Amino acid sequence: MDAVIHNPGEGIYPATPDYVHAIEVRKPNRLVYVSGTMGLDAGGVAGETLEEQLGLVWSNIRAILASAGMTVANIIRVTSYLRDSAYADQNQNARVAALEGRVVPTTTIVVQTLSPDWLVEIEIVAAD
């Protein structure tokens, strides 16, 4: 798979250092679309804090990707759903850390989650 970042220099606002406007994926062998993943432990219990839930979300995403023979290096898109806009900075920091500084197209949306215990849900797209 070849991935080409597209960040136009004119006619659009600039991307910040933690994301890109677009990634073109050339000749992928496989695409994996991961459902919204919550910060739940293996027993289905939500972490008590946002930090715990973000750790669990990214651990869960790693496990899902591993089952497909992939890693976070294969992620080409991230969408975060936050229960509160105050969570944006922690979510961004967790994403940057999880992706080890790689930048991908991202969107963050503030929503009412299905359970009040769920503070964050993240879905991703991966390719190889």
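The values are calculated or read from the model by the stated rules, or taken from the named source; none is laboratory data. Being a predicted model, the structure only gives us computed values, none of them experimental. For neighbour counting, all protein chains shown are included, and Cβ atoms are generated from backbone atoms with ideal geometry for every residue, glycine included.
Details
- Restricting segment 1-22 to residues that are among the charged types (D, E, K, R) and out of contact with any strand residue (DSSP E or B) (no Cβ under 7 Å at 6 or more places or on another chain) leaves a set whose member that is surrounded by the fewest Cβ atoms within 10 Å (Cβ to Cβ) is Glu10.
- Residue check for Ser115: in contact (Cβ under 8 Å) with a residue 60 or more places away in the chain and polar (S, T, N, Q): yes
Here's the yes/no breakdown for (1) of a type in the set (Val, Ile, Thr); (2) within 13 Å of Gly39 (Cα to Cα); (3) modelled with pLDDT under 95:
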position	(1), (2), (3)
Glu52	no, yes, no
Ser59	no, yes, no
Arg62	no, yes, no
Ser67	no, no, no
Thr71	yes, no, no
Gln90	no, no, no
Asn93	no, no, no
Thr106	yes, no, no
Glu121	no, yes, no
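- Glu24 falls short on exactly one of the conditions (1) of a type in the set (Asp, Glu); (2) within 20 Å of Asp128 (Cβ to Cβ); (3) under 15 Å from the mean Cα position of the chain (by Cα), and that condition is (3).
- Qualifying positions in segment 71-112 - of a type in the set (Ser, Thr, Tyr) and crowded, with 17+ Cβ neighbours inside 10 Å: Ser80, Tyr81, Tyr87, Thr106, Thr108
- Residue check for Val25: out of contact with any Pro (no Cβ under 9 Å at 6 or more places or on another chain) and buried (at least 17 other Cβ atoms within 10 Å of the Cβ): no
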